[in-house]
Amino acid sequence: MEILHKPDDVHQWVRAQRRSGAVIGLVPTMGFFHDGHLSLMRLAAKHVDTVVVSLFVNPTQFGPNEDLDRYPRDFERDMLMLRREEVAAVFVPRPELMYPPGFQTEVQVLHLTKNLCGRTRPNHFAGVATVVTKLFNIVQPDVAVFGEKDYQQLAVIRRMVADLNLPVRVIGGPIVREDDGLAMSSRNANLDRSHRVSALSLSTGLTLARELYQKGERDAAAIGAAVQRHILSFPHTAIDYVSLIDSKSLEPVQEADNDTRLALAVHIDGKVRLIDNGLLSKPPQER
């Protein structure tokens, strides 16, 4: 496995792969890998000849009071995990190489970023869209794989790729969960035992919403209110949003149907922000 630090080194490496006729896949990450990340790498390997992983904790998608400094990092652990997978190269740039002095260009997707995470994190998706555009330009992948846990991010990237005619096929990988139902996230490492119990309010809230839908409830406000009560019954929880949305437009809905998705963001102990989502039409027990 090649470990590449500079964009020019990636360009050279990619040109060599292209000469051999390789189809290239990219899995963008911020590191501190778990089985969710590894599932995306394995999914990419099913579609391409050569898998590249980027590892970059992107400062431009963090707000001034967010957890950039606390975001978990363990480079050596990550490299050990990558070497066990079918990964040909990892791109690990320094921030000053991605954002050199005088950098002043930004990519924005306007409408899809207004609600959900974009409402309370107003600069987040501009940071995401800009860094992903840069990664696409540097790695020049044929396929890119992103997790469905970050559902709004996946929608934003698909919109950006379509709008800018980028020659990349975007594939979404399903959410991977812990045995107790908690959606896998690098930020889970920042939860202590009691806070982890409170974090389960997201996945159990999703189960509750699915149960109500299966029983015939279609009033989105009623389902959302029940989920909010459930989450707030756990200690250390503060809701960012509980939203029932259309899976394609991400717009809020008044009446739930089979395309309605529950999207959640919850702060645990004021320090760890977790997200989760899922279709209401899936069986309550399905993870």
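Things to note:
- Evaluation of I157 against (1) open to solvent by less than 60 Å² (accessible area, probe 1.4 Å); (2) under 21 Å from G36 (Cα atoms); (3) at pLDDT below 95 (one fails), failing number: (3)
- Residue match in the stretch 189-202 (condition: out of contact with any strand residue (DSSP E or B) (no Cβ under 6 Å at 6 or more places or on another chain) and within 20 Å of T29 (Cα to Cα)): yes
For every residue, the table says whether it meets (1) among the hydrophobic types (A, V, I, L, M, F, W, C); (2) within 16 Å of the chain's Cα centre (by Cα).
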residue	(1), (2)
I24	yes, no
K46	no, no
M81	yes, no
L112	yes, yes
V132	yes, yes
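- Hey, F125 aromatic (F, W, Y), in contact (Cβ under 8 Å) with a residue 60 or more places away in the chain, more than 30 Å from A22 (Cβ to Cβ) and crowded, with 21+ Cβ neighbours inside 10 Å or not: yes
- For the stretch 109-135, the candidate set comprises residues that are charged (D, E, K, R) and in a helix (DSSP H, G or I); within that set, the residue that is nearest to A265 (Cα to Cα) is R119.
- Comparison of A199, A189 shows that the only residue that is closer than 22 Å to V176 by Cβ and modelled with pLDDT under 95 is A189.
- So S54, is it of a type in the set (S, T, Y), under 19 Å from V168 (Cα atoms) and surrounded by 16 or more Cβ atoms within 10 Å (Cβ to Cβ): yes
- Yes/no for F103 being more than 20 Å from Q140 (Cβ to Cβ), open to solvent by less than 10 Å² (accessible area, probe 1.4 Å) and either in a loop (DSSP other than H, G, I, E, B) or touching a helix residue (DSSP H, G or I) at 6+ places or on another chain (Cβ under 8 Å) (or both): no
- For the stretch 128-154, a residue qualifies if it is without any contact (Cβ under 8 Å) to a residue 24 or more places away in the chain and open to solvent by 10 Å² or more (accessible area, probe 1.4 Å), and exactly one does: N137.
The values are calculated or read from the model by the stated rules, or taken from the named source; none is laboratory data. Since the model is a prediction, treat every value here as computed from it, not as a measurement. For neighbour counting, all protein chains shown are included, and Cβ atoms are generated from backbone atoms with ideal geometry for every residue, glycine included. Side chains are part of the model used for accessible areas, which takes the heavy atoms of the whole protein and leaves out ligands, DNA and RNA. Shrake-Rupley method; radii C 1.70, N 1.55, O 1.52, S 1.80 Å.
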